[in-house]
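Beneath this line is the structure, given in structure tokens, with notes to follow.
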Amino acid sequence: MKSLFVSLLVFASTASAHYTFPELIVGSQKTGLWSYVRKTTNYQSNGPATDVSSNAIRCYELSPGTGSKTYTVSAGDTVGFTAAASISHPGPLQFYLAKVPAGKTADTWDGSGNVWFKIYSQGATFSSGKMTWQSSGKQQVTVPLPKSLPSGEYLLRVEHIALHSASGANGAQFYISCAQLKVENGGNGNPGPLVSFPGAYKPSDPGIQLNIYYPVPTSYTPPGPAVWSG
């Protein structure tokens with residue numbers, strides 16, 4: 001009976017709609033679909049990326065830039081993305097930044113190399129034998145930019161990892177978008193640790209390959225580096 005119950009849970013979760021992160025939010029302002037966010041490969045299908053060794057795990061984009069504009073913000077501003085239609089699978093939410101190298105611009109740079117640092121990570125909470133995800137059902141997700149973030153152009157990467165079918169290899173589903181920002185009024189922080197995409201994750205990472213239904217985990221650590229708090 002337990003295995004049947006778990007199978008039904010997985011089926012019900014899998015049957016739910018997929019999602020995208022198509023729109024940058026700055027403060028309370030929505031900036032338009034795919035205007036400052038690079039159009040992702042799944043902009044029509046809403047399907048996920050699943051191979052952490054592929055370049056798609058970086059920004060899941062059609063091509064670098066894909067005609068998106070760059071939005072000017074200040075260090076300390078709250079930024080984020082809309083979720084279309086909503087985050088419908090269980091899993092962690094994370095935000096990364098990558099500073100555009102000198103001589104390049106956010107609208108053409110591909111984000112390669114050890115350049116990404118994490119600024120936010122939201123895992124699970126545990127109570128009465130249940131594992132709960134705060135991002136579930138959200139239609140928009142935001143994060144404050146660190147006030148000590150140096151000025152310059154950046155890629156802002158949102159990542160939601162759906163874990164409803166993650167008990168097998170390559171079962172986790174990654175929903176990813178990258179927005180293009182120009183940060184002004186920055187500080188003198190030294191962001192890190194720096195990682196690359198692909199490279200930061202392995203398929204067997206315990207935050208990527210696990211069964212969240214039975215037995216219900218009692219702890220969870222999202223994959224990737226520690227959060228840089230600034």
> Given the conditions (1) in contact (Cβ under 8 Å) with a residue 40 or more places away in the chain; (2) part of a loop (DSSP other than H, G, I, E, B); (3) under 23 Å from residue 154 (Cβ atoms); (4) in contact with a strand residue (DSSP E or B) (Cβ under 8 Å, 6 or more places away or on another chain), and given that residue 35 satisfies all but one, which numbered condition is not satisfied?
Replying inline: (1)
> Just one of 145, 149 is closer than 18 Å to residue 100 by Cβ, in contact with an Asp or Glu (Cβ under 6 Å, 6 or more places away or on another chain) and buried (at least 18 other Cβ atoms within 10 Å of the Cβ); which is it?
Replying inline: 145
>> If a residue must be surrounded by fewer than 24 Cβ atoms within 10 Å (Cβ to Cβ) and part of a loop (DSSP other than H, G, I, E, B), how many such residues does segment 55-75 contain?
In response: 11
> What pairs can you find where one residue is in segment 143-158 and at positive phi, the other is surrounded by fewer than 22 Cβ atoms within 10 Å (Cβ to Cβ) and assigned to a loop (DSSP other than H, G, I, E, B), and their Cβ atoms are less than 9 Å apart, with a gap of 6+ or different chains?
Replying inline: 152/100; 152/102; 152/186
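For residues that are among the hydrophobic types (A, V, I, L, M, F, W, C) and farther than 20 Å from residue 23 by Cβ, tally how many sit in segment 122-160. Explain how you work it out, then say what you get.
Here is the first cut: in segment 122-160, the residues among the hydrophobic types (A, V, I, L, M, F, W, C) are 124, 126, 131, 133, 141, 143, 145, 149, 155-156, 158.
Subsequent filtering for residues that are farther than 20 Å from residue 23 by Cβ retains 124, 126, 131, 133, 149.
Here the count works out to 5.
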> residue 195 passes all but one of (1) crowded, with 16+ Cβ neighbours inside 10 Å; (2) touching a Ser or Thr at 6+ places or on another chain (Cβ under 9 Å); which number fails?
Replying inline: (2)
> Do you know which residues across segment 167-196 are out of contact with any strand residue (DSSP E or B) (no Cβ under 8 Å at 6 or more places or on another chain) and farther than 20 Å from residue 106 by Cβ?
Replying inline: 167, 168, 169, 170, 171, 188, 190
> What strands (runs of 3 or more DSSP E), lying completely within segment 76-145, carry at least 2 residues that are of a type in the set (A, V, I, L, M, F, W, C) and closer than 16 Å to residue 25 by Cβ?
Replying inline: 78-84, 93-99, 140-144
>> Can you tell me which condition residue 23 does not meet? The list is (1) of a type in the set (Asp, Glu); (2) outside any loop (DSSP other than H, G, I, E, B); (3) modelled with pLDDT under 95, and all the others hold.
In response: (3)
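The values are calculated or read from the model by the stated rules, or taken from the named source; none is laboratory data. Nothing here was measured: the structure is a model prediction, and the numbers come from that model. When we count neighbours, we look across all protein chains shown, and the Cβ atoms used for this are built from the backbone with ideal geometry, even at glycine.
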